[in-house]
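Shown next, in structure tokens, is the structure this report addresses.
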Amino acid sequence: MINPGIEKYAEEHSSKHSQVLHELYRETNLKVMHPRMLSGSQQGRFLSMLSHMIRPKNILEIGTYTGYSAICLSEGLAENGKIHTLEIDRELEYIAAKFFKKAGIEKQVISYFGDALQLIPHLNMSFDLVFIDADKENYANYYHLVFDKVRVGGYLLVDNVLWSGKVIQPIKKGDKDTKGIVAFNELVQNDDRVENVLLPLRDGLMLIRKK
């Protein structure tokens, strides 16, 4: 979606990720299917920067994958802060756990495995920041489930909201992912309980502040 030359220039003029994150990036690309699902260096630095700005006590992440984004978000946690991260694919646990330990955050991360739609209702706590990066069909459902758990003035950050430009194209029959993202974007845009900005970073990030 972004001119490759501009994207390369932007990456060259952004802070670099850590050696641990570099190793995780490489291992994900070597060992895991669909490595494009992993946040890249520039997006990861944005997640870290935002977390440093908010200084969250509690973060909820829906979609751990191999742990790259969780490590980035953890960099800005308040003292004794925790990140609660949900993943449906238990086979990815060994990579995420290994790199959480390498990054020195294993005591800050609480991992849950299973269907997020079933797990979220049992999280009886308030969150300062929620990051949604899971199955696109359920974005609106995740939003509804977590909304009351986000403190007033807290934030939600949602990935892939441009979906390779498909959001501005006719939706193909049976394309539940694009349909889900378009519905989610409209839901947020028309929700007077929040302020939001859609950032054309990588595959699109929606930053939402609860009023």
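Rule-based calculations on the coordinates, nothing more; no lab input. Computed from a predicted structure; not experimentally measured. Quick reminder, even Gly has a Cβ in these numbers, built from the backbone with ideal geometry, and neighbours come from all protein chains shown.
Before moving on, here are some points about what is shown:
- Look at the dipole of the chain built from charges on Cβ: of Ala78, Ile59, Ser41, the Cα furthest out on the positive end belongs to Ala78.
- Label point of Asn80 set 7 angstrom out along Cα-Cβ; within the range 103-138, amide nitrogens under 15 Å from it belong to 108.
- Ranking of Phe46, Phe184 by count of other Cβ atoms within 10 Å, fewest first: Phe46, Phe184
- Model label sites at Glu11 and Phe147, defined 7 Å from Cα along the beta-carbon direction, differ in position by 3.7 nm.
- Considering only beta bridges that DSSP places wholly inside the chain, some 35 percent are antiparallel.
- Rounded to the nearest 20, the size of the Cβ-charge dipole of the chain about its Cα centre is 200 debye, with Lys and Arg at +1 and Asp and Glu at -1.
- Across the range 117-190, the mean sequence separation of Cα contacts (distance under 8 Å, 6 or more residues apart), normalised by length, yields a relative contact order of 37 percent.
- Legend: ranking of residues Ser18, Ser39 from fewest to most surrounding C-beta atoms inside 10 Å; resulting order Ser18, Ser39.
- Near Ile2: Cβ cut-off under 12 Å, other residues only, Lys/Arg at +1 and Asp/Glu at -1. The net charge is -1.
- Packing-based ranking of 137-148, 20-31, 64-75 yields 64-75, 137-148, 20-31, ordered from highest to lowest mean Cβ neighbour count within 10 Å.
- log10 of Debye I(q)/I(0), alpha-carbon scatterers only, for the chain at 0.10, 0.17, 0.18 Å⁻¹: -0.41, -1.28, -1.45
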